[in-house]
Structure formats: C-alpha cells, structure tokens
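The values are calculated or read from the model by the stated rules, or taken from the named source; none is laboratory data. Being a predicted model, the structure only gives us computed values, none of them experimental. Neighbour counts run over all protein chains shown; Cβ positions are idealised from the backbone, glycine included. Each accessible area value is taken on the protein alone, full model and side chains, heavy atoms only, with ligands, DNA and RNA left out. Shrake-Rupley method; radii C 1.70, N 1.55, O 1.52, S 1.80 Å.
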Amino acid sequence: MKQFKLFSAMYIAASLLFLSSCGGSDEQKTESTNNDSTVTKTETVTKPSDVLIVKFKVSNFAKWKTSYESRDSARLASGLHNYIIGRGVEDSNTVMVALKMDDVAKAKEFTADPKLKEAMQKGGVTGAPSFMFLNVQMMDSSTNATTTRIMVTHKVKDWDGWKKSFDSHKQVRLDAGLLDRAIGYEADDNHIVTVVFGVNDMAKAKAFMASKDLKDKMAEAGVEGPPTIFMYNVVQKY
C-alpha cells in the first residue's frame, strides 16, 4: 500500500510538471484553428555565430578571389568559415570578407600570422587590411531580395542604453528603406558597435544617413564621434 501511494504521488507530480512545462515554454506556441484542430509550432532560438570582418583593397578582384579560395583549409584549421564576400558600392576594388568564427583567440592568432600577410600580398591586396572581431547579438539570415548593404561602426557610451534606443527607432529605419540584418560589438569592447542594414532604396537610405534626424537620434542613443560607414554589394554567400 505504501508503495502504491508513493507511486501515485510521483505520477501526479510528474503530470503537473509536464503540464506546467507545456504551458510556459518559450519554444512552443499552440494555435487553434476554426475546425478545432490544433497546430503546434516549434521555434528554436540560437545564438548567432560570432564573425570576423576583414576589409581591404585589391588590384584585381578575380585574381584575389582565386587566391582567397585556395586557402580554405588554412582558415578552417583556425575555426574560420567562409560566409560573405562584398564589394564596395563606390569602389568595387574595396573588398569586405565576413567569416564565422568558432573561437576569437584562434581567429586573432590567424590574422596575426605573417603567412596571412604574405598570402594576401600574393593575392593582390594593397595596403593594410582592417580586422573586426564581432560578438554578434542579432543576425537575420533569411533570404532577402536586396544584396546591397550598409555597414555602420561607431563608439557608444553604453551598449544597453544604445540598444534600447536603437530598437525604438526601427520603424524610422524601415521608412527609410533600411532593414536590420546584423548587430554586434567588438569581442573585447562592447562600446564599439557595428550594424549591418539591407538597403531597399539607396537614395532614401543615403538621405536618411545624412539627415539631422539620424544625427539627433544617434546623439540621444549615446553615440560618440562620427561613425564609419561602408556601402557594399554582396557578391558571394557561402
């Protein structure tokens, strides 16, 4: 009898736990249809991959791309995965490469290796490249008709304060033809923020980027100093 009572109590507790988990889960949503059937929709939220962004100039894009793709194994050995290649809107010989990172420390070792500098020079890279190691907080990887992007990097007083203000102005950006594609900050400094926008209307976007309204909103959000702006077209997505 004692065993039966114990089994009953355990069964009831397990049932209550199951029911409460179904009702409070952030990953399951249940919708009722008109014919009383039930549709269960499961959503999985994952942390976006951190990204290494490299920007540089080349003398010949085709020559550089062949050289770049010949070194896939070297990048993979450092936990770097091909993601996006972009070319500048105003100067198509300015190239932006985004690579997903498994490990920031390994990525930094890779970029500091003299062999990389030698390989880039052989590939026709001119001048010194710039590197950004981004802790990505949001990434929209959905298919988008536009391949034109604007990347904005700036310093902020406080990440949380800036993000709250940024989120509150989303509709203003949409009205200006800008779609939020990615948001992140430097892995070692969350005061250095980078945002990538998809561009539906370049004329409207340029007018917005140069507007007093945006300047005022950035000041309100705690942006310090002028931003760095790079406009590019996505020419390769892996």
>> I'd like the trypsin sites (Lys or Arg not before Pro) in the stretch 46-92 restricted to DSSP loop residues with at most 16 other Cβ atoms within 10 Å, sorted by number.
In response: 71
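With all protein chains present, how much of the accessible area of the stretch 130-199 (probe radius 1.4 Å) comes from carbon and sulfur, to the nearest whole percent?
Numbers: 1510 of 3120 Å².
So the carbon and sulfur contribution to the accessible surface is 48 percent.
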> If you stretched the chain out fully between residue 211 and residue 104, how much longer would it get, using 0.36 nm times the residue separation minus the C-alpha to C-alpha distance?
Replying inline: 34.9 nm
> Using a basic spin-label model with each label point 7 Å from the Cα along Cα→Cβ, how many nm lie between residue 77 and residue 61?
Replying inline: 3.0
>> Quick query: amide H of residue 236 versus all other amide H atoms, modeled in the peptide plane; which residues come in under 5 Å with a sequence gap of 5 or more or a different chain?
In response: 85
> In whole Å, what is the distance between the alpha-carbon centres of the stretch 60-75 and the stretch 200-237?
Replying inline: 31
> Just going by the charge dipole of the stretch 124-238, with Lys and Arg at +1 and Asp and Glu at -1 on Cβ, which of 232, 129, 139 is farthest out on the positive end?
Replying inline: 232
> Please report, for the Cα atoms of the stretch 96-144, the Rg to one decimal and the Dmax as a whole number; what are they, in angstrom?
Replying inline: 13.5, 37
> What ³J(HN,Hα) values, in whole Hz, does the Karplus curve 6.51 cos²θ - 1.76 cosθ + 1.60 give for the stretch 148-161 when θ = phi - 60°, with x put for Gly and Pro?
Replying inline: 8, 10, 10, 10, 10, 10, 8, 9, 10, 5, 8, 4, 4, x
>> At 0.36 nm per residue, and after removing the present C-alpha to C-alpha distance, how many nm does the segment from residue 126 to residue 201 gain when stretched out fully?
In response: 23.8 nm
>> For a quick check of your reading of the filter: which GluC sites (Glu not before Pro) in the stretch 65-137 sit in a DSSP loop and have no more than 13 other Cβ atoms within 10 Å?
In response: 90
